[in-house]
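Asks: What follows is a single structure, and I will ask about it in a moment.
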Amino acid sequence: MKNINRLLHSIPIPGRKKKVGLALSGGSTYGAAHVGVMQVLEENCIQPDIIAGTSAGALVGAAYCAGVPLHEIETLFRTMGWPSLLKISIRNSLSIFDTQPMEDFLRKKIGDIEFKDLKIPFAAVACDIQTGEKIVLDSGPLAPAVRASAAIPGLFSPVEINGRLLVDGGIVDNLPIEQVYSMGADYVIASDVSKHGVTTKKLENPFEILLAMTYIMQARAALPNEDECDCYIRPKVSKYSSWGFKEVPQLLEAGREATLPHVARLKRNLRVK
C-alpha cells in the first residue's frame, strides 16, 4: 500500500512523543525557501527528529543534520555563487559542468563527515541514471551523497557511488515523504519548493531552460501528493529565478510566509506549547 508507512506510524502509543519527520523537496536555488520554513518551525519549538531531502533539499537537510545553525545556512545561500560551486567539464563529456567544487565546498562548510556522524538521522535521494532506480543514500561520506542528489542530468556531472552513476533524485522522488515515514517518523511535515505547472518567471538563459526541462520531468514522474503527509507547506516561489542567488532574501521570506499559517495546527497536533 502506498501509505502503509504513514498508517503504521499514525497509531498512537501512550506516553510516547511523536517523532517528527521533515521532507525537503528539490528545486535548485529555490531551496533557500526551505530555510525560511525551518526557521519558523524552530522559532515555534517544532524540531524534526528525522529528515530526508532531494537535491536542494538534501543540501539544506544535510547541513542542518550536521549541526549547522539555520542562520549560518541562510548566510550560505546569501553568499553562495555558481562560480565557486562549478567548473566547466573538460574531461567529463556527460555534463556541461563538473560539480567537484560543490563537493569540496560542502566538506569545507559541514566537515568531511559520514552519515553516522550526523546529529539527526538523514537520507538523501538520488537516481541511478543507467537503471532509473531510486537510490536512498544514508550511509558513507555525506558530501558526495548530497552532490549526487543535486546532479541535474546533462547540466551537472553524475556522481559514482558504490558502482552506480547517480544524478538528481528529483526525477524519481522529488519530495521524499514516504522515505521519512520509513525512517520512523510518526508525523511528517513536507516543504515543497518545486515548480508545478506554468512558471510566472520569464526564462532568461540556457541554464533556466535546462532547469525548466528538469521540472517538467519531475512533474510527470515525481509530482508530490500533499495528502500523503500530515502537513504540506508550499512556498510561493514561481515568480523567482531558480538559477541565480540574487533573490535569496525573497525566497527565504516566501518560506516563512508559507509556514506561518500552519503553526497553530502544528503546535496543537504535536502538543507543543
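Asks: Could you count how many residues in the range 124-141 are small (Gly, Ala, Ser), open to solvent by less than 70 Å² (accessible area, probe 1.4 Å) and over 21 Å from Pro153 (Cβ atoms)? Can you show your working first?
Replies: Step one: of the range 124-141, the residues small (Gly, Ala, Ser) are 124, 126, 132, 139-140.
Next, only the ones that are open to solvent by less than 70 Å² (accessible area, probe 1.4 Å) stay: 124, 126, 132, 140.
From what is left, the residues that are over 21 Å from Pro153 (Cβ atoms) are 140.
Of the residues in the range 124-141, 1 are small (Gly, Ala, Ser), open to solvent by less than 70 Å² (accessible area, probe 1.4 Å) and over 21 Å from Pro153 (Cβ atoms).
Asks: What are the residues in the range 105-116 that are part of a helix (DSSP H, G or I) and either exposed (fewer than 14 other Cβ atoms within 10 Å of the Cβ) or among the small types (Gly, Ala, Ser) (or both), if any?
Replies: Restricting attention to the range 105-116, the residues satisfying the condition of being part of a helix (DSSP H, G or I) are 105-110, 115-116.
Lys108, Lys116, listed by residue number.
Asks: Across the range 248-273, what is the number of residues that are touching a residue at least 24 places away in the same chain (Cβ under 8 Å) and under 13 Å from Thr29 (Cβ atoms)?
Replies: 6
Asks: Separate question: Looking at the structure I just gave you, is Phe115 hydrophobic (A, V, I, L, M, F, W, C) and either without any contact (Cβ under 8 Å) to a residue 12 or more places away in the chain or closer than 23 Å to Val188 by Cα (or both)?
Replies: Values: hydrophobic (A, V, I, L, M, F, W, C): yes; either without any contact (Cβ under 8 Å) to a residue 12 or more places away in the chain or closer than 23 Å to Val188 by Cα (or both): yes.
When the stated conditions are applied, Phe115 passes them.
Asks: Here's a follow-up. Restricting the search to the range 18-37, which residues are more than 17 Å from Met80 (Cβ to Cβ) and open to solvent by 10 Å² or more (accessible area, probe 1.4 Å)?
Replies: Correct list: Lys18, Lys19.
Asks: How many of the residues making up the range 142-163 are open to solvent by 10 Å² or more (accessible area, probe 1.4 Å), under 13 Å from the mean Cα position of the chain (by Cα) and of a type outside the set (A, V, I, L, M, F, W, C)?
Replies: 1
Asks: Same structure again: Considering only the range 158-273, give the strands (runs of 3 or more DSSP E) lying wholly within it that have at least 2 residues that are acidic (Asp, Glu), touching a Phe, Trp or Tyr at 6+ places or on another chain (Cβ under 6 Å) and at pLDDT 95 or above.
Replies: Details: elements: 159-161, 164-168, 187-191, 231-233.
Correct list: empty, since no element meets the threshold.
Asks: Same structure again: Among all residue pairs at least 6 apart or on different chains, which show Cβ distances below 7 Å where the first residue, located in the range 22-45, is touching a residue at least 12 places away in the same chain (Cβ under 8 Å) and the second is in a helix (DSSP H, G or I) and of a type in the set (Lys, Arg)?
Replies: That search, which allows pairs on different chains as well, returns Gly36/Arg256; Gln39/Arg256; Val40/Arg256; Asn44/Lys267.
Asks: To continue, here is another question. Before we move on, is Leu166 under 14 Å from the mean Cα position of the chain (by Cα) and over 17 Å from Gly31 (Cα atoms)? Step through it out loud before you land on a result.
Replies: Values: under 14 Å from the mean Cα position of the chain (by Cα): no; over 17 Å from Gly31 (Cα atoms): yes.
Spelling it out, it is not the case that Leu166 is under 14 Å from the mean Cα position of the chain (by Cα) and over 17 Å from Gly31 (Cα atoms).
The values are calculated or read from the model by the stated rules, or taken from the named source; none is laboratory data. Everything numeric in this text was worked out from a predicted model, so none of it was measured. No Cβ is skipped: glycine too gets one built from the backbone with ideal geometry, and neighbour counts run over all protein chains shown. Ligands, DNA and RNA are stripped out before the accessible areas are found, and what is left, the full protein with its side chains, is counted by its heavy atoms. Shrake-Rupley method; radii C 1.70, N 1.55, O 1.52, S 1.80 Å.
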